[in-house]
Amino acid sequence: MVNASAMSDDELLERLQGYVREERERLHEFLSCLLEVDRRRFLERRGYSSTFDYCVRCLGLSEGETFRRIQAARATDIRPQLLAAVAEGRLTLSAISRIAPYVRRADAPEIIARAEGKSTRQIEEILAPLNPEPPRRALIREVVVATP
């Protein structure tokens, strides 16, 4: 275990930067393995109803963590360049989960390029024009009040 309180400021920052690099590489590897597990569909034979069920029950991930990781893994199946972007720190897990619904589009490479290095809020701004809300119909309701 690391004794962070015994480190100098520079050592502490260096250690944090190393952890971020390792985490990105591990996420890259995790998504690759998760995708392969999802492709093979053998988890039912091992008592799990789905990849989602396995991640929650066996790996101990939260439902939100599981959803984002499966969504990201499946997106990398369609756009493999997403894995490299994660490993290199150009995209985060949150970024990929936001753009995952758009990876089948013809303009997906452009969307991915625009999302690189952006915050989640910035990515939502990039995606907003691609999926505008449909206009809402104005509803007028007649209210009848019964009097005694």
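List of remarks:
This table checks each residue for (1) farther than 20 Å from residue 34 by Cβ; (2) surrounded by fewer than 18 Cβ atoms within 10 Å (Cβ to Cβ).
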| site | (1), (2) |
| --- | --- |
| 78 | no, yes |
| 85 | no, no |
| 89 | no, yes |
| 96 | no, no |
| 99 | no, no |
| 105 | yes, yes |
| 109 | yes, yes |
| 116 | yes, yes |
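- Residue match in segment 17-24 (condition: of a type in the set (Phe, Trp, Tyr), closer than 20 Å to residue 86 by Cα and either out of contact with any strand residue (DSSP E or B) (no Cβ under 6 Å at 6 or more places or on another chain) or open to solvent by less than 50 Å² (accessible area, probe 1.4 Å) (or both)): yes
- Residue check for residue 5: open to solvent by 30 Å² or more (accessible area, probe 1.4 Å) and either more than 30 Å from residue 130 (Cα to Cα) or of a type in the set (A, V, I, L, M, F, W, C) (or both): yes
- In summary, residue 51 fulfils each of the numbered conditions (1) of a type in the set (S, T, N, Q); (2) under 27 Å from residue 85 (Cα atoms); (3) exposed (fewer than 10 other Cβ atoms within 10 Å of the Cβ) with the single exception of condition (3).
- All positions within segment 120-131 that are open to solvent by 30 Å² or more (accessible area, probe 1.4 Å) and touching a Ser or Thr at 6+ places or on another chain (Cβ under 9 Å): 120
- Some residue of segment 25-37 being within 18 Å of residue 72 (Cβ to Cβ), open to solvent by less than 80 Å² (accessible area, probe 1.4 Å), β-branched (Val, Ile, Thr) and touching a helix residue (DSSP H, G or I) at 6+ places or on another chain (Cβ under 7 Å): yes
- Reported count of residues in segment 117-148, each being assigned to a loop (DSSP other than H, G, I, E, B), of a type outside the set (S, T, N, Q) and modelled with pLDDT of 80 or more, is 2.
The values are calculated or read from the model by the stated rules, or taken from the named source; none is laboratory data. For clarity, every value in this text was computed on a predicted model and none was experimentally measured. No Cβ is skipped: glycine too gets one built from the backbone with ideal geometry, and neighbour counts run over all protein chains shown. Note: areas computed on protein heavy atoms with side chains; ligands, DNA, RNA excluded. Shrake-Rupley method; radii C 1.70, N 1.55, O 1.52, S 1.80 Å.
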